[in-house]
Amino acid sequence: MSHYSQAKFNLSAPDISHLCADEGIEVAFAGRSNAGKSSALNRLTRQKSLARTSKTPGRTQLINVFDLDEQRRLIDLPGYGYAKVPMAIKLKWQKSLGEYLQKRDSLKGLVVLMDIRHPFKDLDQELIQWAVAAELPVLGLLTKADKLKSGKRKAQLLMAREASLAFCGDVTIHLFSSLNGLGLDNCERVLDQWFGYAQRDVPEQE
Ligand SMILES: Nc1nc2c(ncn2[C@@H]2O[C@H](COP(=O)(O)OP(=O)(O)O)[C@@H](O)[C@H]2O)c(=O)[nH]1
Ligand SMILES: [Mg+2]
């Protein structure tokens, strides 16, 4: 049984100021619209529709909070980089996201989901920079890894790991596929550390 399958929807907040009390441990998930964030959360929690997935990018504008237990929760941040969002809203969101990463004591790590075919877009980089500045560890997941053949997949992983060094922070990069579960074990291992779950005795895999 996975700790993550315990996840239960708690609340949707219009912005960071409406989140629950800043206690316990939380881990936030962020990514460009359509990067595969909802699919990854569903895979992680073994729930088909915990976080809604859709083919229409930019639909999730609320912050969704999923409780694992009374002290631990997953935070599903709104997708960014969606062209049709007005500039004023974009700027407001960037400002509050920056504040959230800086000030939220219970936040112990940030998962940044990036399509393996085009990782580290401008907003991804900006977000990772904020997280590193706030001394938060970052897990970069290269999503939809099933879309590439093995050779190209490995090359993208190496390239992304190389690129991640430039942030000079605690940035870990793993492959991920919600479709076939590739990388789920590595992802859970990182989350387990952040959440303070007992460490599992399994060697790390590519
Ligand atoms: N092949 C493949 N498609 C995926 C994967 N994850 C997500 N998708 C597809 O990518 C689209 C966007 O996924 P979604 O989870 O809604 O992205 P979000 O906007 O970041 O929440 C959907 O059509 C998903 O079915 C994956 O691991 N493999
Ligand atoms: Mg989504």
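For this structure, a couple of remarks:
- Residue in segment 66-83 that is modelled with the lowest pLDDT, counting only those that are buried (at least 20 other Cβ atoms within 10 Å of the Cβ) and in a strand (DSSP E or B): Tyr80
- In this structure, Ala163 qualifies as in contact (Cβ under 8 Å) with a residue 24 or more places away in the chain, assigned to a helix (DSSP H, G or I) and open to solvent by 30 Å² or more (accessible area, probe 1.4 Å).
- Being surrounded by 19 or more Cβ atoms within 10 Å (Cβ to Cβ) and in a helix (DSSP H, G or I) is true of Leu101.
- For segment 120-153, a residue qualifies if it is open to solvent by 60 Å² or more (accessible area, probe 1.4 Å), basic (Lys, Arg) and touching a residue at least 24 places away in the same chain (Cβ under 8 Å), and the qualifying residues are Lys121, Lys147.
- The single condition from (1) of a type in the set (A, V, I, L, M); (2) away from ligand 2 (no atom under 16 Å from the Cβ); (3) touching a strand residue (DSSP E or B) at 6+ places or on another chain (Cβ under 9 Å) that Met87 fails is (3).
- Just one of (1) in contact with a strand residue (DSSP E or B) (Cβ under 8 Å, 6 or more places away or on another chain); (2) touching a residue at least 40 places away in the same chain (Cβ under 8 Å); (3) of a type in the set (D, E, K, R) fails for Asp192. It is (1).
- Only a single item in (1) in contact with a helix residue (DSSP H, G or I) (Cβ under 9 Å, 6 or more places away or on another chain); (2) open to solvent by 10 Å² or more (accessible area, probe 1.4 Å); (3) farther than 24 Å from Leu184 by Cβ is not met by Pro86, and it is number (1).
- Test: residue in segment 24-33 that is at pLDDT below 85 and either open to solvent by 80 Å² or more (accessible area, probe 1.4 Å) or in contact with a Gly (Cβ under 6 Å, 6 or more places away or on another chain) (or both): no
- Annotation: Lys95 fulfils all but one of (1) within 18 Å of Ala134 (Cα to Cα); (2) in contact (Cβ under 8 Å) with a residue 60 or more places away in the chain; (3) away from ligand 1 (no atom under 14 Å from the Cβ); (4) not aromatic (Phe, Trp, Tyr); the unmet one is (2).
- Qualifying residue in segment 171-184 (condition: surrounded by fewer than 16 Cβ atoms within 10 Å (Cβ to Cβ), at negative phi and assigned to a helix (DSSP H, G or I)): no
The values are calculated or read from the model by the stated rules, or taken from the named source; none is laboratory data. No experiment lies behind these values; they were computed from the predicted model shown. Counting neighbours? That spans all protein chains shown, and the Cβs are built from the backbone with ideal geometry, glycine included. Side chains included, ligands, DNA and RNA excluded: accessible areas come from the protein's heavy atoms. Shrake-Rupley method; radii C 1.70, N 1.55, O 1.52, S 1.80 Å.
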